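Please read the structure below before turning to the comments.
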Amino acid sequence: MIEIQLSERQEKIIDIVRANQPITSEEIAKQLNFTRATIRPDLAILTMSGILDARPKVGYFYSGKEALSFFSEQIKNMTVSDIKSVPIVVDEQTTVYDAIVTLFLEDVGSIYVTSDGILTGVVSRKDFLKNAIGGMNLNNIPVGVIMTRMPNIITILPGENVLNAAIKIIEHQVDSLPVVEEVEKNNKSGYKVIGKVSKTNIVRIFVDLYNNS
């Protein structure tokens, strides 16, 4: 088994969190005299490996766990295309009711929405629940009405590093990211959804690496 080789800065972050928990990334960066962007990869590594626990709007906690088995070089060399899974996609004109049925049949947390094959939005379980409670006629309203629209969607490219995906998921507090490639249709550029990367995809990496160690 190969133990995590933590950097000096990561060790300092653990000490700061242990002494001041809960503590935000801004406060950690301030104590280290670094920018928040500089320590973002460190926090992603420490969180995904289970050493730190991140809670939205609260901050970071020390989990009390020892460093887990971790293959830093393998992670650095992995790209999103290595771990992406099949996305669930519906058209903008799909009714909210049919989209909900798709969500539960496919057992996913979010559905990506397209128009003419181009990514235009995303809709989550929370969006469906909010609108169902609001008394909306789910059989008549297209999903395009309730979705979060571009450009307010966090995407990732297939060639990006897996660590970048983990950072985006943590920073933006989302369950998954659409993996996209840029295309052009009718003289307009946009994104085609070719996959997704989720918290489950990333956690599975650690499990697989541990089992194969």
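How much length is gained on full extension from Glu171 to Asp208, taking 0.36 nm per residue of separation minus their Cα-Cα distance?
Details: separation 37, 0.36 × 37 = 13.32 nm, distance 2.44 nm.
Stretched out fully, the Glu171 to Asp208 stretch lengthens by 10.9 nm.
Any idea what the relative contact order of segment 8-70 is, in percent, if you count C-alpha pairs under 8 Å spaced at least 6 apart?
On the way: 67 pairs, mean separation 22.4, N = 63.
With pairs under 8 Å counted, the relative contact order is 36 percent.
Could you tell me the calculated FRET efficiency between Gln21 and Val145, based on Cβ-Cβ distance and R0 = 41 angstrom, to the nearest 0.05? Intermediate results must be reported in sequence, preceding the final value.
Working: r = 42 Å, r/R0 = 1.03.
Efficiency for this residue pair is about 0.45.
Report the one residue of Ile14, Ser63, Ser25 whose Cα lies farthest in the direction of the positive end of the charge dipole of segment 8-70 (charges on C-beta: Lys and Arg +1, Asp and Glu -1; origin at the Cα centre).
Positive-most Cα among the choices belongs to Ser25.
Evaluate E = 1/(1 + (r/R0)^6) for Met136 and Asp107, where r is the Cβ-Cβ distance and R0 equals 22 Å; express this FRET efficiency to the nearest 0.05. Each step should come with its number before you reach the end.
Numbers: r = 23 Å, r/R0 = 1.05.
Given R0 = 22 Å and the Cβ-Cβ separation, E is 0.40.
Between Ala37 and Lys57, what is the FRET efficiency for a Förster distance of 25 Å, r being their Cβ-Cβ separation, to the nearest 0.05?
Details: r = 20 Å, r/R0 = 0.79.
Calculated transfer efficiency: 0.80.
Report, in debye and to the nearest 20, how large the dipole of the chain comes out about its Cα centre when Lys and Arg carry +1 and Asp and Glu carry -1 on their Cβ.
Values: 22 positive and 25 negative charges, 97 e Å.
Taking the Cα centre of the chain as origin, the dipole is about 460 debye.
Report relative contact order for segment 108-213 in percent, whole number only (criteria: Cα-Cα under 8 Å, sequence separation at least 6).
Details: 123 pairs, mean separation 23.8, N = 106.
Dividing the mean separation by the residue count of segment 108-213 yields 22 percent.
Å³ per residue of the Cα convex hull, for the chain? The partial results should precede the final answer.
On the way: hull volume 29.4 nm³, N = 213.
It is 138 Å³ per residue.
Taking neighbour Cβ counts within 10 Å as the exposure measure, how do Ile205, Ile141 sort from fewest upward?
Details: Ile205 18, Ile141 15.
By the 10 Å Cβ count, ascending, the order reads Ile141, Ile205.
Could you check the spin-label model distance between Arg125 and Arg9? Points 7 Å from the Cα along Cα→Cβ, value in nm.
Using points 7 Å along Cα→Cβ, the separation is 3.6 nm.
In whole Å, what is the distance between the alpha-carbon centres of segment 121-197 and segment 11-59?
Taking the Cα centre of segment 11-59 as reference, the centre of segment 121-197 is 27 Å away.
Every number here is computed from the coordinates shown, using simple stated rules; none is lab data. These numbers were taken from a predicted model, which means no experiment stands behind them. A quick note on method: Cβ atoms are made from the backbone with ideal geometry, for glycine too, and the neighbour counts reach across all protein chains shown.
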